[in-house]
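Asks: Dumping the structure here so I can ask a few things about it.
The values are calculated or read from the model by the stated rules, or taken from the named source; none is laboratory data. Since the model is a prediction, treat every value here as computed from it, not as a measurement. A quick note on method: Cβ atoms are made from the backbone with ideal geometry, for glycine too, and the neighbour counts reach across all protein chains shown. With ligands, DNA and RNA removed, areas are computed over all heavy atoms of the protein, side chains included. Shrake-Rupley method; radii C 1.70, N 1.55, O 1.52, S 1.80 Å.
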Amino acid sequence: MRVDVVIATYNRADTLRETIKNVLTSAYGLTKLYVVDNASTDHTKAVLESVADDRLIPVFNKKNLGAAGGKNVGLKMSNADILVVMDDDAMFASKNPIDEVIRSFGSDKKLSLIQFKIINYKEKKVLGHEFPGENPETDSSKSFNIGYFIGAGHAIRKSVLEIVGYYPDDFGLYAHEEVDLSYRIINHGFTMRYESSIAVYHRKAPEGRLPSKTVLHNMLLNRMIMSRKYLPLHYSIINNFLWILKTLLDSKSPLAILNVLREFSAKRASIVPTILSNDALYYMKKYKGRLFK
């Protein structure tokens, strides 16, 4: 079973240097490491060109395709059976991660994706917003089925991406692309799992991040797009209300809400609904999928 690692990066040259070194020295059994540079303006290109390892495949985009678009470039280039996707500010924190990925998938053909244990590098613990369960203090050392995943560290079957589709390319630079992919994975009858034996440190580098106003805008817009695509009407109404209220409280700007509504209205007619099946809704409710949050 061949395993590749895919990393999308933007303006985090020094952090990326450490990540590449970590992956190439700790991921025994790795076939290739695709690093997709989203048109960085710092010295990322020099960092990538300085690495003397045939496993590293640097890719230089002419423009910033965002988190989803950048990952998709590497994911589509790879011919591996399993694709490990990591943030450019993450590092493996467990031994033999590639062997553990192969072991975890095993022969379960319905298992599509494995979420790694994400450990905050500064605090050296699993934080609630990066844990796809209820209580990281009591449950982060267990393994269990999940209804959504966090993108800092995970592995997915290439064959599943060919069936359900890749990350959404129309989500702008950032926000909720993992939730969108989760919906499609579950709607196709596949399962996802949190695997505590594979861990990454997440350093949360400040470089290359979007302004908070842009993040709030993208989060609301993309949730409304997903609501239109996947949710039955009554779920959609509740979801949109809750996200509009949250965005209003966070932004304190009614104008910010109006701007999102205008943009969504312009996109709405082009969105083709693929409503979640009853089985998918049951799975998401059972395993805490993000129907509303």
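Asks: Suppose we filter D170, D139 for residues that are in contact (Cβ under 8 Å) with a residue 24 or more places away in the chain and surrounded by fewer than 22 Cβ atoms within 10 Å (Cβ to Cβ); which single one remains?
Replies: Of D170, D139, the one residue that is in contact (Cβ under 8 Å) with a residue 24 or more places away in the chain and surrounded by fewer than 22 Cβ atoms within 10 Å (Cβ to Cβ) is D170.
Asks: Quick check on the range 56-70: of everything there that is of a type outside the set (A, V, I, L, M, F, W, C) and modelled with pLDDT under 95, which residue is surrounded by the most Cβ atoms within 10 Å (Cβ to Cβ)?
Replies: The qualifying residue surrounded by the most Cβ atoms within 10 Å (Cβ to Cβ) is G70.
Asks: Among the numbered criteria (1) within 20 Å of S182 (Cα to Cα); (2) out of contact with any Leu (no Cβ under 6 Å at 6 or more places or on another chain); (3) in a helix (DSSP H, G or I); (4) open to solvent by less than 50 Å² (accessible area, probe 1.4 Å), which one does Y282 miss?
Replies: (4)
Asks: What about E162, is it over 30 Å from K267 (Cα atoms), without any contact (Cβ under 8 Å) to a residue 40 or more places away in the chain, open to solvent by 40 Å² or more (accessible area, probe 1.4 Å) and not in a strand (DSSP E or B)?
Replies: No.
Asks: Scanning for something surrounded by fewer than 20 Cβ atoms within 10 Å (Cβ to Cβ), of a type outside the set (F, W, Y) and assigned to a helix (DSSP H, G or I), does the range 195-208 turn up at least one residue?
Replies: no
Asks: Exactly one condition in (1) open to solvent by 70 Å² or more (accessible area, probe 1.4 Å); (2) in contact with a helix residue (DSSP H, G or I) (Cβ under 6 Å, 6 or more places away or on another chain) is not met by W243; state its number.
Replies: (1) is the only condition that W243 fails.
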